[in-house]
Protein chains: 6
Amino acid sequence: MNILAFGPHPDDIEFGCAPVLIQEVAAGHHVQLVVCSRGEAASSGSPTERTQEARQAAAVIGAGIEFLDLGGDCRIEYSAAARLLMTAQIRKFRPHVVLASSTGENQHPDHVAVGRLVRDAARLARYGGLPGVESLPPHSITHLYYYSITQPFEDSRPDVVIDVSAAREKWEAAIACHRSQMRTRAYPELVLARARTLGASIGVEYAVGLWANDPLRLNSLADIPLSSRHF
Amino acid sequence: MNILAFGPHPDDIEFGCAPVLIQEVAAGHHVQLVVCSRGEAASSGSPTERTQEARQAAAVIGAGIEFLDLGGDCRIEYSAAARLLMTAQIRKFRPHVVLASSTGENQHPDHVAVGRLVRDAARLARYGGLPGVESLPPHSITHLYYYSITQPFEDSRPDVVIDVSAAREKWEAAIACHRSQMRTRAYPELVLARARTLGASIGVEYAVGLWANDPLRLNSLADIPLSSRHF
Amino acid sequence: MNILAFGPHPDDIEFGCAPVLIQEVAAGHHVQLVVCSRGEAASSGSPTERTQEARQAAAVIGAGIEFLDLGGDCRIEYSAAARLLMTAQIRKFRPHVVLASSTGENQHPDHVAVGRLVRDAARLARYGGLPGVESLPPHSITHLYYYSITQPFEDSRPDVVIDVSAAREKWEAAIACHRSQMRTRAYPELVLARARTLGASIGVEYAVGLWANDPLRLNSLADIPLSSRHF
Amino acid sequence: MNILAFGPHPDDIEFGCAPVLIQEVAAGHHVQLVVCSRGEAASSGSPTERTQEARQAAAVIGAGIEFLDLGGDCRIEYSAAARLLMTAQIRKFRPHVVLASSTGENQHPDHVAVGRLVRDAARLARYGGLPGVESLPPHSITHLYYYSITQPFEDSRPDVVIDVSAAREKWEAAIACHRSQMRTRAYPELVLARARTLGASIGVEYAVGLWANDPLRLNSLADIPLSSRHF
Amino acid sequence: MNILAFGPHPDDIEFGCAPVLIQEVAAGHHVQLVVCSRGEAASSGSPTERTQEARQAAAVIGAGIEFLDLGGDCRIEYSAAARLLMTAQIRKFRPHVVLASSTGENQHPDHVAVGRLVRDAARLARYGGLPGVESLPPHSITHLYYYSITQPFEDSRPDVVIDVSAAREKWEAAIACHRSQMRTRAYPELVLARARTLGASIGVEYAVGLWANDPLRLNSLADIPLSSRHF
Amino acid sequence: MNILAFGPHPDDIEFGCAPVLIQEVAAGHHVQLVVCSRGEAASSGSPTERTQEARQAAAVIGAGIEFLDLGGDCRIEYSAAARLLMTAQIRKFRPHVVLASSTGENQHPDHVAVGRLVRDAARLARYGGLPGVESLPPHSITHLYYYSITQPFEDSRPDVVIDVSAAREKWEAAIACHRSQMRTRAYPELVLARARTLGASIGVEYAVGLWANDPLRLNSLADIPLSSRHF
C-alpha cells in the first residue's frame, strides 16, 4: 500500500499523523511526505534549518519527502494553480491512501488551504483530459483522510481511531527533529496529551483520530474487529 | 460473529438493513432480530398477520427472531424500563455488532425511541451492578450501527457503505413477506431506489449505508481495501 | 417568468435540474442556460463535442444556452472577476428565478465555485454603482435555488420538492444528448434512481429537490396546496 | 382551508403566530386554537383568569379555541399518552395546516414537548389501526409549520416568511388580552421588535417567520411570486 | 457567590469540573454539590461505599453535598417529576452559578437526563406559581454552564476555559477518593490528559472547558482581560 | 485597552457594532476603525461622499479611522496579499480586542472576506518571521469578536451580549452620518429593531450580540456578574 501525506509546514505531519505513518512503515507500506512550505514565516528557524529538520523527521518516520512550492508559509492559497500542482503529486506517487490537514476554518490558513486543495486534487487526479498534467497518467485514490494538527478540539468526533502506542518513541523522536520549534511553545506536550486522551478513551496508551472524506466501504461488518468502545 | 438487529415494527429491519444481514448470514455469521412491536397501529394487517409476516421474512434472511413488548406500536417510549428490557436482550444474545433504527427526529416516533434505547442499552449492558438484569452476565458489544428505514435523506452522509447487490433477490423476497404492507404504499420501490442511488454512487448495483455510533478503530489504514470513491 | 440556470460543466444542468426546467418551459416560461466551461478536463469528449452535446440538450429542454469562459473545466475560481462576469449574465437575462449548483464542499470544485459565485452575483446584480457592469441596468432577482448534481446525499433535506414525472421522457432524452459522458459511468442511473427515491417518498413517480437560498415569502399558508407528506 | 394551531400556554400562540392566523381568518380560512395548559405555574394570573384571557384573544383573532389537559403548566411530557391526545385533536379538526411551537431545546420545556408531540401526532393521525382513537377517522394533514414564541434567535433561519403588517393592530389587541402577563415583562415589545426586524429585512413593516417540518412541494417555481430578498 | 453543581453519579463532578470548584472555594465562594444517584449500577463499589467516597471528595473540594433520589443509577428520566425535584434544589440553595453535566446524546443516559433537567429547573425556579414547590420562594440564577464528564471530544468547542493548574493536587485527591472506581478503568488519566491538552492549547498547565447555556453578558469588552489564544 | 474594528464598507461598523464602541470610548478605551473599501459599488453616494460620511461617523463614535484599499467595494478577495495588509494593520495598532464582520456565507461577499481575512491576520500578526511585514513588530491580540451587519438572523446565538441602551442616541447619530445610504432602504430601522429585540430578551432597552472566535478565558466564574437570562 502507498500512502501520501501532505503537510502545510515542515512540522505539521509530525504533530498530526506521524505515529500512524510510523506504524504503516513498520507494516511494510510505502509512505511519502509532501511538505507545502518551508516554514518561512516562523518566529524561530530559517527555511534552510526547517527543511533540514523535516528531512530528519522523515528519516525517523521511514518516509520519503519532497517539498512543494505553493508561494511560501502563510501565502498558500486555495487556487486552481495550486490544485494542479497537488494533482501532479498524486499522479506521481499513485497512493492508495492520502492524508491531509483538516479543513476546519479556525486554524492556520495554510492548514485549511492544503486540506481543501488535497481534497480537490484527489478528485482531479482521475480526470483523463485535465490540461496541465497530461504527462502523468490519471490515478484514482482509494481513501482520503484528514488529520488534526494542534487543535485541542475539532468540530466533530473522528471517524477513525488508531492505537499508536507502539509508535510513541519514534513519534517523539520525529517531533524532536524540529529543534527550532521546540524553543517557545508546548506543541509536543499538546499533541501527546491529546493522543493520551483519545487513547485512554479507547483503552490504550495513545491513539490518533482521523476524519474520513467519504463513507468507509466495507465488505462485511466483520471487517473491523476492533472496538473504540471502552467506557 | 453475532449480529443483533433491533426493529421498531415488523417490517423496519427488512426495509432498512436486511440485505446486509443476508450477506452476513451467507458469510457464516449468526444474526438475530428483535422486533419491538407487532404493528398494532397499521392501517392494514392485524398484529397476528404481521407477526407471521416478520417470522417468514426472518426465515428468508436466515435469522432468528424474537418479539419484545414495549407497549405496542406508536406507544414505544424512551424510558428507563424499556432501556432495561433492551439491555437484557443484548446480554442474552451477546452480539459483537448491534444494529438499530437511526435517531433522527423527523420520522416515526417509535423509530427514534428504539434507536435511542438501543444506544443506551448497548452501554448499560456492560455495567456489572445494574439492578434488574443481574441474572444475565454483563456484555460489551464491539460496534453499534444505525440504519435508515424509509427516509429519502438523513441528516448526514452514512459512515459506512456496503455493496448489497448479491443480496437483492433475497432482499426483495424478505420485503415481499410483508404482504399486508404492500397494498397501499411504495415502500419497496423507495428503499430499492435509494439503494440503487447509493450503489450507483460507489459503482455497484445496490448499496446500503450505515451510521456508526463510535469512531471505527482500525489497526492499519490497509484494513479497508475497498473504496467508496467512484465519481 | 424568466428562469436562468447556471451549470459548471456541459452536463450538470441536465443531471441536476433539467426536468424542472422542462416543465417550466411547458408551462410557458422562458428558460436560459449559462454553462461555465466546456468540459475540457473530461476523460471522454472534446470541448467541441461537449459544447455540441449541450446545445442539443438545451434544444430538448426548450431553453436558450450560452457559454461563459471562467478559465475552463477544473479551473473555475471563486474570484471577484468571475463574480462580475456572472453578475453581467444576470443583468443581461433579468431572471425572476436563478438556479445554481449547490455549494456543499465535498464535490467537484467547479460546482462549489459556481454555486458561490452565483449566490454573490445575484446580490451584486442590484447594486447601481458596481464598476465594470455599468452598461447593464441593475436587476433584482426574486429567488435563488440550488440543485444537486450527482451526489447521492446532501448535507440537509431539500427545501422544495417538485414532481417531475411528466418530464421523465424528455429528461432522459436531454441526458442522452451527452453521448461522450455515457460511456463509462452510471450518472444517468444515479440521478434517475435519486429522483425515483424522492418521488416515492412524496407519492409520485419522480421528484427533484431544490435548496432555497432565502426564506420563501408567502402571502398565505394557502399558497402551497400540495403536500410532500406521503408516509 | 382549515388551520389548527397548538399553543403550550394561554399566550404562546398570540406571541408566536397570531398575526398569521388573523390574516388567514380575514382571507376566509377557518382557524382553531388548542391550548395545552392554563398557565398554572405563572407568577401572575390564575388559571381561570388566563383561560378567560385566551378566550378573549381567540375572539380577537377570529378563531375557535379549546383547552387540552396534558398535566398542567410546566408538567407537559413527551409521552405516548399525550401524543394520542394530540392525535385525537388533529383527527377531530381535520386541518390542512398545523402550527406548533418550535422544538429547539433551550426554551420552556413545555414549548419543546408540545412541538415534538404535534410533530408525532401529525404522523399518527393517518394510521388506520391506531388503538385509542378508533372513533375518529384517520386524517392526513398537508403541512406542519413551527413558530417561535419569545426567543430572539432560533438555531436556523425561517423557511417561510409572511408579511403581517396588515394584522398589526389586531395582533396587539390579541396580545393585550393577556392582561395578567403584561405586568412584569417585555414580551410584547420583544415579539413586535422581532417582527419589525424580520419585516425590515424583507422590505415590509412587520413579518413573521415559520419553520417547515417537510420540504415544500411546488407545482412550479412560479407558485411563489413574492421575494424575501430585499437588501 | 453561591455555586451549585449537579452530578449524575457520585464521581461525575470530580471528573468533570472539580478543579473549577476547588478554585472558587479558595476564592471564598460557597459551593454545594447535588449528586443524583448513588452509583447503584456500577461494576465496582456498593451504593454505601460510593456515597461515602463522594462525601470525602466533597470535603476535599471544600463543598457541601446532598444526594437526590431520582430513581437510581441508570434509571434517571427526563420527567416532569424529576424536573420539580431539581427546581426545589435550586430554590433551596439559591445559586448564582449552576453547573450541570452536558446534554450531548452519545454518553451515559443519566448524564444527558441530568443536564436537561437542570436546564429546565433553572428556568422553572423563577416561576412564582409553580405548583409543588410553593414553600420555596422563586429564584433566578445568573448563569448555567455545562461540564463534560469523560468524553474525549464534545460536539463543539467550549465557550469558556479556566486555568486550573493551581488546583491540580486537590483535584487528584478528590478523584482518588473514589477508590472503588479506580480499579479497572483509566478515567483519571483520561480527564487529566484532557485537561493537559486544553491547558497546553492556552499556554497553561491544566485547563477545564465549560459550555454556556446562554450568551455571556458583559459590561465592557475589557471585562475579560485573559486570552485563550496561545498558538 | 485598544480596540480595532474592521469594516468592509463605510457604514458596516456603524450598523454592526458602533454602540459597543461608543461605550468603550466613554469608558476611556482607545478605538480605531479600519474601513476596507469606499463603497464604490453603491447605488447611492460617491466614494468621496462615503469616505466623508465614514469620517463623520468615526468622529461621533470617538474613534480614529483609516481606509484600506483591498481592490474596492464588491472586489475584496480572500487572498494572501489582502491577509498581509490586514496583518500590518493589526501590528500597527496593536489592539487587545479586534472586531470583524461575521463570516456566515449568505451575505455580501465583502463581509465574508473581511471576516475571514481578519481571523487569519489576527493569527499571522504574531509570527516573527512573516515576510512582508518585518518592519512592524509581532503582536498577539487578546480577543477576536465578530459582529453581524444587517442580517436579521445568524446561524447561531451570539456568545456575548452587551447592553447598549446608553449609547442609543450617539448610535443613531453615527448611522445618520451615512446620509447617502438613508435614501432607499430601512437599514437603520432593521438594526435598531434587532437591537431592541435582543435587548428585550435580556431585560434592557437595546443590546448588541457578538460572536467570539475563541473560548473566553475566565479567572473565576465570578468574573461575569451580569446575566443574559431574563425570561
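The values are calculated or read from the model by the stated rules, or taken from the named source; none is laboratory data. Owing to the predicted nature of the structure, the values given are computational and were not obtained by experimental measurement. So basically every Cβ, Gly included, is an ideal-geometry build from the backbone, and we count neighbours across all protein chains shown. Heavy atoms of the whole protein, side chains included, go into the accessibility calculation; ligands, DNA and RNA do not. Shrake-Rupley method; radii C 1.70, N 1.55, O 1.52, S 1.80 Å.
See the values below:
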read-out: Condition broken by B:Ala207, with the remaining ones in (1) in contact (Cβ under 8 Å) with a residue 12 or more places away in the chain; (2) open to solvent by 40 Å² or more (accessible area, probe 1.4 Å) satisfied; value: (2)
read-out: Residue under evaluation F:Gln151, criteria (1) modelled with pLDDT under 95; (2) surrounded by fewer than 19 Cβ atoms within 10 Å (Cβ to Cβ), criterion not met; value: (2)
read-out: When residues of segment C:31-69 are limited to those that are away from chain A (no Cβ under 11 Å) and of a type in the set (Gly, Ala, Ser), the one farthest from C:Ala18 (Cα to Cα); value: C:Ser37
read-out: Selection from segment C:91-105 of residues that are under 18 Å from C:Leu210 (Cα atoms) and in contact (Cβ under 8 Å) with a residue 24 or more places away in the chain; value: C:Pro95, C:His96, C:Val97, C:Val98, C:Leu99, C:Ala100, C:Ser101, C:Ser102, C:Thr103, C:Gly104
read-out: Verdict on E:Ala100 being of a type in the set (A, V, I, L, M), more than 9 Å from every other protein chain (Cβ to nearest Cβ) and touching a Pro at 6+ places or on another chain (Cβ under 6 Å); value: no
read-out: A:Tyr146 vs. criteria open to solvent by 10 Å² or more (accessible area, probe 1.4 Å), at pLDDT below 95 and hydroxyl-bearing (Ser, Thr, Tyr); value: no
read-out: Subset of segment F:107-139 [in contact (Cβ under 8 Å) with a residue 24 or more places away in the chain and more than 14 Å from chain A (Cβ to nearest Cβ)]; value: F:Gln107, F:His108, F:Pro109, F:Asp110, F:His111, F:Val114
read-out: Residue match in segment B:163-170 (condition: at pLDDT 95 or above, surrounded by fewer than 24 Cβ atoms within 10 Å (Cβ to Cβ) and in contact with a Phe, Trp or Tyr (Cβ under 7 Å, 6 or more places away or on another chain)); value: yes
read-out: Members of segment F:221-231 that are closer than 13 Å to E:Ile224 by Cα and open to solvent by less than 20 Å² (accessible area, probe 1.4 Å); value: F:Leu221, F:Ile224
read-out: Residues that are hydrophobic (A, V, I, L, M, F, W, C) and touching a Phe, Trp or Tyr at 6+ places or on another chain (Cβ under 7 Å), drawn from segment F:43-73; value: none
read-out: Test set (1) touching a Leu at 6+ places or on another chain (Cβ under 9 Å); (2) open to solvent by less than 30 Å² (accessible area, probe 1.4 Å); (3) outside any loop (DSSP other than H, G, I, E, B) - C:Leu130 fails condition number; value: (3)
read-out: Close pairs from segment B:66-86: first free of Cβ contacts under 8 Å to residues at least 60 places away in the same chain and under 20 Å from B:Ala125 (Cα atoms), partner among the hydroxyl-bearing types (Ser, Thr, Tyr) and buried (at least 22 other Cβ atoms within 10 Å of the Cβ), Cβ under 7 Å, at least 6 apart; value: B:Leu70/B:Ser37
read-out: Residue among F:Ala176, F:Ala195 that is out of contact with any Phe, Trp or Tyr (no Cβ under 9 Å at 6 or more places or on another chain), touching a residue at least 12 places away in the same chain (Cβ under 8 Å) and either crowded, with 21+ Cβ neighbours inside 10 Å or over 25 Å from E:Leu210 (Cβ atoms) (or both); value: F:Ala176
read-out: Which numbered condition E:Arg217 fails, given (1) in contact with a Gly (Cβ under 8 Å, 6 or more places away or on another chain); (2) surrounded by 22 or more Cβ atoms within 10 Å (Cβ to Cβ); value: (1)
